[in-house]
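Structure first, commentary second.
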Amino acid sequence: MTVLLAEAAVRTTRIALGTGIVGIWNRSAATIAMAASTLHAMSGGRFVLGLGASTPQLAEGLHDTPFEPPVPRMRRMVTQIRALLCGERIPLGVTTNARPLKLNVSPAPTIQIHVAALGDAMTRLAGELADPWAPFLYPWSRLASGVERLREGATRAGQPDRLPEIHPFVPTVVANTDAQAREGAAWFVSFFATTSTVYRDSLMRQGYRKAVEVVLAANASKFTGSVPADAEDLLEQLVVYGTPLEARRRLGLWYEAGAAFPVLLPRPNLTPEERALTLETFRPMLQSA
């Protein structure tokens, strides 16, 4: 990821660049801070750092690292990374008898740290420590509940009037027909519901247990990317999709619900034509912003 961002940094001059997200189990705070400082310098200050707990499947099945309660780990990582980026010595939390070191690079205290959070405790932590809050697969109609948790965290930090902006990551599918767009949206929802207990449990906690169970049943014997009509609300709540006009309308719902900067996540392996259609669909909204 950092290699790709470095390549993008030297080939562009205006766009923002960011990690969405760096998992907190597979890198140390110092490794992340060094990469962030370098990308900040290479991009002329256009880099933002996104952190998230990732999932047990990735932490354990890919990085061979035990997945433990993530909130204490996230608190330590954000605190340590901020200190290092400010040119300070790292506040040690594990090897507390060691001599704490600092980075031998120029400080970069202006780098924003985005925290991906779904559960109440992690969202409160985002309210306490994060710049933007960056949830993924979070229903747009539930953003107000997330804001309340952010407010609780900000109050805990003694800054009740300082709330992080809401920068949700939103799966996005634009197509020439409604049927093609729905098929792509259904793939997003069914893939994450069937492969990740984190997103599945989050949706169930937020009142979508029946809809999630319908999706699991539809893909039980073999993954088909199916979302039956009984679970249609998951598509409406989680995905910006449709023909260009409909996709823009659905994106507007996120802004109306309180999102300051929805981050649109296209499907993987788009053709050049599909990529161009997606970009052109939302260009009018950027020009009017």
Q: Could you point to the residue in A6, P109, L125 farthest towards the positive end of the chain's charge dipole, with +1 and -1 charges on the Cβ of Lys/Arg and Asp/Glu respectively?
A: P109
**Q.** Residues listed by number, region 188-214, amide nitrogen under 16 Å from E60 label point at 7 Å toward C-beta
**A.** 195-201
Q. Cβ under 10 Å from E213's Cβ, E213 left aside: what net charge do those residues give with Lys, Arg +1 and Asp, Glu -1?
A. +2
Q: Give me the distance in nm between label points sitting 7 Å out from Cα along the Cα-to-Cβ direction at N176 and T12, one decimal.
A: 2.8
Q | Cβ crowding within 10 Å averaged over residues, with 107-114, 94-101, 166-173 ranked highest first | A | 166-173, 107-114, 94-101
Q: Compute the long axis of helix 272-288 from its Cα atoms, compare it with the longest principal axis of the Cα atoms of the chain, and write down the angle in degrees, 0 to 90, nearest 10.
A: 70
Q) Roughly how many nanometres apart are two label points built 7 Å out from the Cα toward the Cβ at F223 and E246? A) 2.5
Q: Considering only protein heavy atoms, with the full assembly of protein chains and a 1.4 angstrom probe, order M285, M34, M122 by accessible area, largest first.
A: M34, M285, M122
Q: Run the numbers on the chain and let me know its relative contact order in percent, using alpha-carbon pairs under 8 Å that are six or more apart.
A: 14
(Q) I'd like the accessible area for K222: 1.4 Å probe, protein heavy atoms, all chains in place, Å² to the nearest 10. (A) 140
Q: Over region 24-81, calculate the relative contact order: mean separation of alpha carbon pairs under 8 Å at least 6 apart, over the residue count, as a percent.
A: 49
**Q.** Two-decimal log10 I(q)/I(0) for region 78-141, as the Debye equation yields it once each C-alpha is a single scatterer, q = 0.28 Å⁻¹
**A.** -1.11
Q: In nm, give the distance between the simple-model label positions of N26 and R89, each being 7 Å from the Cα along the Cα-to-Cβ direction.
A: 3.3
Q | Rounded to 10°, Cα long-axis angle of helix 143-156 versus longest principal axis of the chain | A | 10
Q) For helix 70-85, what angle does its Cα long axis make with the longest principal axis of the chain, in degrees from 0 to 90 and rounded to 10? A) 50
(Q) I'd like the carbon and sulfur percentage of the solvent accessible area for region 243-289, probe radius 1.4 Å, heavy atoms only, ligands and nucleic acids excluded. (A) 60
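The values are calculated or read from the model by the stated rules, or taken from the named source; none is laboratory data. Remember, it's a predicted structure, so these values are computed and weren't measured experimentally. Here the Cβ is made from the backbone with ideal geometry for all residues, glycine too, and neighbour counts use every protein chain on show. Surface areas here come from the heavy atoms of the whole protein model, side chains and all, with no ligands, DNA or RNA. Shrake-Rupley method; radii C 1.70, N 1.55, O 1.52, S 1.80 Å.
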